[in-house]
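Each reported figure results from applying straightforward, stated rules to the coordinates on display, with no laboratory input. Here the structure is a predicted model, which means the values were calculated and not measured. So basically every Cβ, Gly included, is an ideal-geometry build from the backbone, and we count neighbours across all protein chains shown.
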């Protein structure tokens, strides 16, 4: 487990920025999120965000048909 201080040291970010990232603050640049994911060994998880989402697409289609 990484502390916010250790994450800040390893990424070169401030502890305030790391805290914002840990709280999901949308004002933090996406690149900073990627830096933290890299330190945590989770950068591959970010690429999964853009994968095809069958259920999501079906739900969108249903919503479009309702309009």
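Tabulated results
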quantity	calculated
Degrees, to the nearest 10: 54-66 long Cα axis against longest axis of the chain	50
Relative contact order, percent, the chain [alpha-carbon distance under 8 Å, six or more residues apart]	22
Modelled FRET efficiency - R0 22 Å, residue 3 with residue 37, Cβ distances, 0.05 increments	0.85
Computed [θ] at 222 nm, deg cm²/dmol, the chain (DSSP H ≥ 4; -39,500 (n - 2.57); rounded to nearest 500)	-19500 deg cm²/dmol
